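Below you'll find the structure, written out as structure tokens, and then a few comments.
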Amino acid sequence: MTRLDEFFDPGTRNWAVLAGLVAASRAMDLGSTWIATPKLTLEGNPIARRLGWKWGIPLNLLLALGFATWPLLSISLITTSCLVAARNLQSAWVMRSMGELHYRCWMADRLAECPRGLAWGCFMGEALLVGAVGGMLMAFSEWRLVPFSVGLGMAAYSFAVGLFSSIALWRNR
């Protein structure tokens, strides 16, 4: 059984499996982002937006290779990436069909018509609910690698949703 503090040497079978899974999950996140916002106009992560596609793709590949040495980090990143991709795909079809700028204006209009506290509360509600499930997984994992790592990935996703949604709402006010 793999421990939380165990590492895999690059080139080993376990490292290769994790590297492939991290790369695939990062590809799902990047692919869903490209479907939703090919020009990155709607990208919520300012670092990803600044890197752009030219630097974001190779950096993610390098991170996948490096992160695969630590199973705890790999599994949590896989979880977070899959949750982000799922969230992107939920609205990607609307973003793509409307166009990035039109969707941004439409969303800004919706937010302007809604009480600020309601919109923020809904985004934070999503973050807290996912974070609560992640926290429970971590708390009851008995320090087993996979449930703890999945819980950590859910908590990281929760944090990212809360942070980037708050930044977007702050900028939009």
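Assorted remarks:
- Per-pair calculated FRET efficiency, R0 = 35 Å: Trp34 and Arg116 via Cβ, rounded to 0.05: 0.70
- Pairwise FRET efficiency - Trp106 versus Trp55, Cβ, R0 = 22 Å, nearest 0.05: 0.15
- Between helix 100-113 and the chain: long-axis angle, C-alpha atoms, 0 to 90°, nearest 10: 70 degrees
- Taking Cα atoms only, the orientation of helix 13-36 departs from the longest principal axis of the chain by about 10 degrees.
- Taking the helices alone, the chain has a mean residue ellipticity at 222 nm of -28500 deg cm²/dmol, built from -39,500 (n - 2.57) per DSSP H run of at least 4 residues and averaged over all its residues.
- Note on region 25-173: dipole from Cβ charges, positive end direction compared against His102, Gly131, Pro147; the farthest Cα belongs to His102.
- Electrostatic tally near Lys39: other residues with Cβ closer than 14 Å to its Cβ, Lys and Arg +1, Asp and Glu -1, net +3.
- Environment charge at Gly151 (Cβ cut-off 14 Å; Lys +1, Arg +1, Asp -1, Glu -1): 0
- Note: relative contact order over the chain, using C-alpha pairs below 8 Å and six or more positions apart, is 28 percent.
- Counted residue by residue at 0.36 nm each, then reduced by the alpha carbon distance between them, the extension gain from Ser91 to Asp9 reaches 25.6 nm.
- The P(r) of region 46-173 has a tail past 17 Å containing 67 percent of all C-alpha pairs.
- Projecting the Cα positions of Gly56, Trp15, Trp70 onto the charge dipole of region 13-172 (unit charges on Cβ atoms of Lys, Arg, Asp and Glu, taken about the Cα centre) puts Gly56 furthest along the positive direction.
- Dipole moment magnitude, nearest 20 debye, the chain about Cα centre, only Lys, Arg, Asp, Glu C-beta charged: 480 debye
The numbers here are math on the coordinates, done by the rules we state, and not lab data. The model shown is predicted, which means the values in this text are computed figures rather than measured ones. Every residue, glycine as well, gets a Cβ built from its backbone with ideal geometry; the counts of neighbours run over all protein chains shown.
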